[in-house]
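Single-structure report; data block below.
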Amino acid sequence: MGRRAAGVVMAVLALAGCASGPQGRTAVGTASPRAPSASPPRPGQQGSLVGPCPSGSPARATRAQLRAFRAVSALRCELVDRSYADGQWQVRVEQVITDGVTAFAASLDRPDAAIGGGACPAVAIGEPTIVLVDRAGHRLIPRFPRDECGQPRDELADMLRNWRTVGRPARVTLELSRAEIDHHCVPAYKNVIRLDDQYGPVRTDPGGPVLTRGDHGALFVCLFRSGRDPIAGEFVRGVTLHGRDATAMRAALAAAGKAGRCVAPDTFATVTDPAGETVTVELGGCGRVERRRVDLAQRISYPTFGRADLTTVRRLLGA
């Protein structure tokens, strides 16, 4: 695993931890020597002493504690994205290993490198969480020595090979529902029309064709509703329009705006073409359509308010 890929995984781990239940709260293991058991624990086996992944931001052992600890196995948690029938989930994968643990623990017992003047990553790399386990089942979470950029030496984690997954991946967070994936939507979207109102006044749009960059193909419509936060819209459902319906939607969004103040409703929709161009339309009130216009002379873009044929828009969306 290269530094960039490892860095992404580590950054996620640093933000989210390994999120297990209350029994996963684990203190740093004792540093005092323990009498060896009859045989080392077998990670992943029922009754294993490896235990669950720690939660939150666990305390890290000192180098002195690390030297005194006799690890025979290690536990690692990874947060990865996986697709299921109901959408894309972030899942926790727990893995264990017994080979190479002694050498790995020894490699961590080194001082931090002196901070150098070379190029360093623009994004901080989080510290991986690897739990060392001794024969008696005591656990210790080591601190990774830092490189010349002050970042954890993530290549040390690559010393361990042949990780074996324990049990089934545990779902942690639903990142995208199946409806959001199918209709190219996101879980939340700002009500940009209300946002524009706060910074107004907004220019009235003269009208004209919309969403023309996508070669007049399908349109992906995402319906949102604002809750306690009037600016934040939460995903309700999605609709994909093809053929005549897509053509009718484009025509329904192309009218010129009208001067005058409107009250923004709680429901709105984003309409996106295959090229990624998006307009936002109110599903009530004045039916305003937020478009982006470009001033080539000043090299700026700015919002304008057109107006929708709400009867047609609602019919096409079943709203």
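Looking at the stretch 101-108, can you tell me whether even one residue there is free of Cβ contacts under 8 Å to residues at least 12 places away in the same chain, in the same structural domain as S55 (by TED's automatic domain parsing) and outside any loop (DSSP other than H, G, I, E, B)? Within the stretch 101-108 (the criterion being free of Cβ contacts under 8 Å to residues at least 12 places away in the same chain, in the same structural domain as S55 (by TED's automatic domain parsing) and outside any loop (DSSP other than H, G, I, E, B)), the answer is yes, since at least one residue qualifies. Only residues that are surrounded by 11 or more Cβ atoms within 10 Å (Cβ to Cβ), modelled with pLDDT under 95 and under 16 Å from T272 (Cα atoms) were counted in the stretch 227-243, giving 0. Determine which single condition R153 fails, assuming it passes every other condition in (1) in contact with a Pro (Cβ under 8 Å, 6 or more places away or on another chain); (2) touching a residue at least 60 places away in the same chain (Cβ under 8 Å); (3) assigned by TED's automatic domain parsing to the domain that holds V91. With respect to (1) in contact with a Pro (Cβ under 8 Å, 6 or more places away or on another chain); (2) touching a residue at least 60 places away in the same chain (Cβ under 8 Å); (3) assigned by TED's automatic domain parsing to the domain that holds V91, R153 is out only on (2).
Each residue in the stretch 222-242 was checked for being in contact with a Ser or Thr (Cβ under 9 Å, 6 or more places away or on another chain) and under 16 Å from G284 (Cα atoms), and 7 pass. The set of residues in the stretch 111-138 that are surrounded by 14 or more Cβ atoms within 10 Å (Cβ to Cβ), assigned to a loop (DSSP other than H, G, I, E, B) and touching a Pro at 6+ places or on another chain (Cβ under 9 Å) comprises D112, A113, I125, G126, E127, P128, T129, R135, A136, G137.
Residues in the stretch 244-256 that are within 21 Å of K190 (Cα to Cα) and modelled with pLDDT under 95: there are none.
Considering the stretch 49-97, the residues that are surrounded by fewer than 20 Cβ atoms within 10 Å (Cβ to Cβ) and of a type in the set (S, T, Y) include one that is farthest from E127 (Cα to Cα), namely Y84. In the stretch 139-233, counting only strands (runs of 3 or more DSSP E) that sit wholly within it, the ones holding 2 or more residues that are over 30 Å from C53 (Cβ atoms) span 188-190, 219-226. Inspection of the stretch 281-294 identifies at least one residue that is touching a residue at least 12 places away in the same chain (Cβ under 8 Å), within 30 Å of the chain's Cα centre (by Cα), assigned to a loop (DSSP other than H, G, I, E, B) and within 25 Å of P201 (Cβ to Cβ). Just wondering, is there one or more residues in the stretch 204-225 that are over 30 Å from E175 (Cα atoms) and buried (at least 21 other Cβ atoms within 10 Å of the Cβ)? Among the residues of the stretch 204-225, at least one is over 30 Å from E175 (Cα atoms) and buried (at least 21 other Cβ atoms within 10 Å of the Cβ), which makes the answer yes. Might you let me know whether the stretch 279-292 holds any residue that is at pLDDT 90 or above, farther than 22 Å from Q198 by Cα and in contact with a helix residue (DSSP H, G or I) (Cβ under 6 Å, 6 or more places away or on another chain)? No: zero hits. In the set (1) more than 20 Å from the chain's Cα centre (by Cα); (2) within 16 Å of R60 (Cα to Cα); (3) among the charged types (D, E, K, R); (4) at pLDDT below 80, D112 fails one condition alone, (4). Applying the condition of being surrounded by 17 or more Cβ atoms within 10 Å (Cβ to Cβ) and of a type outside the set (D, E) to the stretch 187-202 and asking which residue is nearest to A256 (Cα to Cα) yields I193. Remark: pairs (first residue in the stretch 202-214, in the same structural domain as T240 (by TED's automatic domain parsing) and farther than 26 Å from G243 by Cβ; second residue among the small types (G, A, S) and at pLDDT below 90; Cβ separation under 6 Å; 6+ apart in sequence or on different chains) = T204/A259.
The values are calculated or read from the model by the stated rules, or taken from the named source; none is laboratory data. Nothing here was measured: the structure is a model prediction, and the numbers come from that model. Because the Cβ atoms are built from the backbone with ideal geometry, glycine has one as well, and the counts that use them run over all protein chains shown.
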